[in-house]
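Shown next, in structure tokens, is the structure this report addresses.
The values are calculated or read from the model by the stated rules, or taken from the named source; none is laboratory data. This structure is a prediction, so every number in the text was calculated from the model and none was measured. Here the Cβ positions follow ideal geometry from the backbone for every residue, glycine too, while neighbour counts run over all protein chains shown. Protein only, heavy atoms only, side chains kept; ligands, DNA and RNA dropped before computing areas. Shrake-Rupley method; radii C 1.70, N 1.55, O 1.52, S 1.80 Å.
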Amino acid sequence: MPTWLVRTIVGVVAAVVLVIAYLIGSVTVPLMWATSIRDQIGGQLGNSIPLAIFYGFIFTFVPVLIIWQAFRKKMNKWVRVTLLVIGFLLLMPNLLTLGVVYGGTKSAADARSIWATSANWFDTWSQVFMVAGVVCAVALMVLSRMWLRRSRKLRELKAAEKLVKKDQQARERVAREDAKHAQKAADRAARNKSTTPLPRCSRRIPIPWHRLILPLPRRPKCLTPQPGPRGCWRRLRCCQPPGSRAGHGGRIPMADGASLPWAVILANIAGALLLGLLYGALAHRRLIHHTTRLGQTLRLLLGIGFCGASPRTALLPLG
């Protein structure tokens, strides 16, 4: 037998069963529901309103939420069908109440007459709280949707803040590493610079001590100056007569009443001191080092010119 034929037969049988069930239910169910409500009230009309509120609100609010959950995404098919069945079963009390109130059959009219005598306000308050249950269920669904959207945004913001914080921490870590590498490079450059020889203009070149001493004039042979032509002084020489060295015991002859030439001695000592200070400064001061032009100029001017001329000038009073 073909599949389409089987499905057609099953559909026709189901429709016939539903029609028969509706006919039977329309005759028997309204009277059964009206009698059940009358028995629950127990002849006290004051109990009809609380019972109407209970059936109208609870059996509308809860089924609407369950049916709404059945339409969520990524849900199993059979779970969705189960939720729909549970929701419609919970709606049955209110559906029966609506069938009694708005039904046009004779059994529905008899059920209304029963409620008119034993449950006077049940139908009215049931309808009011059915609407209230639907409104509350819809409001809860809207608020829950807004809450879920807000929670999702908060999670996204927190995730973004976390990423920003991680990125900032990574940048700070990289900056610290770069600073550390730069400090190491600077220290290495400083060590290399300390071991690298200085430039020629600022190097401290060790000079032998005998080269720092300027050539001084030779010691005169005698302390008696002789005038030369044009007021110049000739080089001093010994003018002792023959045999005078032995007579004087090898000492330099001096005129009668003459004293030691203290001016010459002091001039030589001062010149030697100034030469020592000058060449010490030229050897150890970078700005006036003897290898620079300024150092060479000072060496010629002060060393050879001033300090070299001082001892010779001191001989002038002796003439």
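Residues in the range 129-138 include none that are out of contact with any Cys (no Cβ under 9 Å at 6 or more places or on another chain), small (Gly, Ala, Ser) and free of Cβ contacts under 8 Å to residues at least 40 places away in the same chain.
Per the listing Gly99, Gly43, the residue uniquely touching a residue at least 60 places away in the same chain (Cβ under 8 Å), within 15 Å of Phe122 (Cβ to Cβ), not basic (Lys, Arg) and not in a helix (DSSP H, G or I) is Gly43.
Of all residues in the range 60-104, those being charged (D, E, K, R) and surrounded by 12 or more Cβ atoms within 10 Å (Cβ to Cβ) number 1. With respect to the stated conditions, Arg200 fails to be open to solvent by 100 Å² or more (accessible area, probe 1.4 Å), at pLDDT below 90 and more than 30 Å from Thr292 (Cα to Cα).
Only one entry of Ser113, Ser151, Ser107, Ser126 meets the criterion of being in a helix (DSSP H, G or I), open to solvent by less than 100 Å² (accessible area, probe 1.4 Å) and in contact with a Ser or Thr (Cβ under 6 Å, 6 or more places away or on another chain), and that entry is Ser126.
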